[in-house]
Amino acid sequence: MVSDVHGNARDLARAGEGADALICLGDLVLFLDYADHSRGIFPDLFGVENADRIVALRTARRFEEAREFGRQLWAGIGEDRASVIEKAVRKQYTELFAAFPTPTYATYGNVDMPPLWQEYAGPGTTVLDGERVEIGGRVFGFVGGGLRTPMRTPYEISDEEYAAKIEALGEVDVLCTHIPPEVPELIYDTVARRFERGSRALLDAIRRTRPRYSLFGHVHQPLVRRMRIGATECVNVGHFAGTGTPWALEW
């Protein structure tokens, strides 16, 4: 199982070795690597110095200044912003989806572009969002995307829409989401030094339906990687872009 792949196609191609299936919890796209500012769509377009500056602004939570700085940079491109980003994302998706083994079960992250996935997902890749599937005799439920933030990443939805997708799953054995439940220890990123968005609806569903596992990613360097909520083992399956190591679920 992997999450937050962020362009790491090399390790993704080996992630399913020895497993019955690979599960991916989203964020395939690498727009800007906060650990290495030379990697991603943003530095490819605007250079490392500008990437350094926008990371510093965002880390300081000066989001409006960061947006204004970004607008100035995009104004100098001379091309439609959406088309430039889509072209770059398509290039990454071509490589990343080709690296998925068969079978793969995947859902979207908050930086992904869902309308493009069906073009790249081969017959061995099943894309799920607000849906259930049986894998090895256990029922897995998948909910992708993230909640709205000042970062305004591509696949952010309202709390109400997210809660409806969680509710639609009903009772499952393994609850797979991109974002974590709203628990302070699970949503605090120790390197970015901020709380990411977690889901209250997801936390409520865990307490109510008691799945065996709640599995997620999104927070790259969490204060706590795993904890129990009642009968449920909650696990951040890791920042795959940085580790290159999948997390294994065995039964």
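Tabulated data
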item	result
Cα Rg, Dmax (largest Cα-Cα span) when computed across segment 185-229, Å	11.1, 33
Average Cα contact separation per residue, the chain, under 8 Å, 6 or more apart, as relative contact order %	21
Degrees between helix 81-99 axis and first principal axis of the chain (Cα, 0 to 90, nearest 10)	40
Accessible surface of segment 164-219 [probe 1.4 Å, protein heavy atoms]: carbon and sulfur percent	46
Acute angle (nearest 10 degrees) that the helix 200-209 long axis makes with the longest principal axis of the chain, alpha-carbon atoms	10
Theoretical FRET efficiency, 1/(1+(r/R0)^6), r = Cβ-Cβ of Arg90 and Val224, R0 41 Å, to 0.05	0.65
Radius 11 Å from Cβ of Asp80, net charge of other residues (Lys, Arg +1; Asp, Glu -1)	0
Spherically averaged projected area in nm², based on the convex hull that wraps the Cα atoms of segment 161-251	5.9
Relative contact order of segment 1-137, defined on C-alpha pairs under 8 angstrom at six or more residues apart (%)	30
Cα-based convex hull, segment 83-158, per residue volume (Å³, whole number)	98
Evaluated at q = 0.08, 0.12 Å⁻¹: base-10 log I(q)/I(0), Debye formula over Cα of segment 1-149	-0.26, -0.57
In sequence order, calculated HN-Hα J values of segment 67-74 (Karplus, 6.51, -1.76, 1.60; Hz; x Gly/Pro)	5, 5, 4, x, 4, 5, 5, 5
Segments 198-204, 186-192, 17-23 sorted - mean Cβ within 10 Å per residue, highest first	198-204, 186-192, 17-23
Packing-based order for 74-81, 47-54, 238-245, using average beta carbon neighbours within 10 Å, highest first	238-245, 47-54, 74-81
Prolate/oblate/rounded label for the chain (Cα gyration tensor, a/c 1.5)	prolate
Listed peptides 208-219, 91-102 by packing density, highest first (mean Cβ within 10 Å)	208-219, 91-102
Surface per residue (accessible, 1.4 Å probe) for the chain, Å²	47
Backbone N within segment 1-45 under 17 Å of label point (7 Å from Thr59 Cα along the Cβ vector)	32-40, 43
Inter-label distance, nm, simple model (7 Å from Cα along the C-beta direction), Glu185/Ala164	3.5
Environment charge of Ala231, counting only residues whose C-beta is closer than 11 Å and scoring Lys/Arg +1, Asp/Glu -1	+3
Arg200 paired with Asp44, simple spin-label distance in nm, labels 7 Å along Cα-to-beta-carbon	3.9
Alpha-carbon centroids, segment 220-251 and segment 80-135: separation in whole Å	22
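The values are calculated or read from the model by the stated rules, or taken from the named source; none is laboratory data. Bear in mind the structure is a predicted one, so any value in this text is a computation, not a measurement. Note that we place each Cβ from the backbone using ideal geometry, even for glycine, and neighbour counts take in every protein chain shown. The area values use the complete protein model at the heavy-atom level, side chains included, leaving out ligands, DNA and RNA. Shrake-Rupley method; radii C 1.70, N 1.55, O 1.52, S 1.80 Å.
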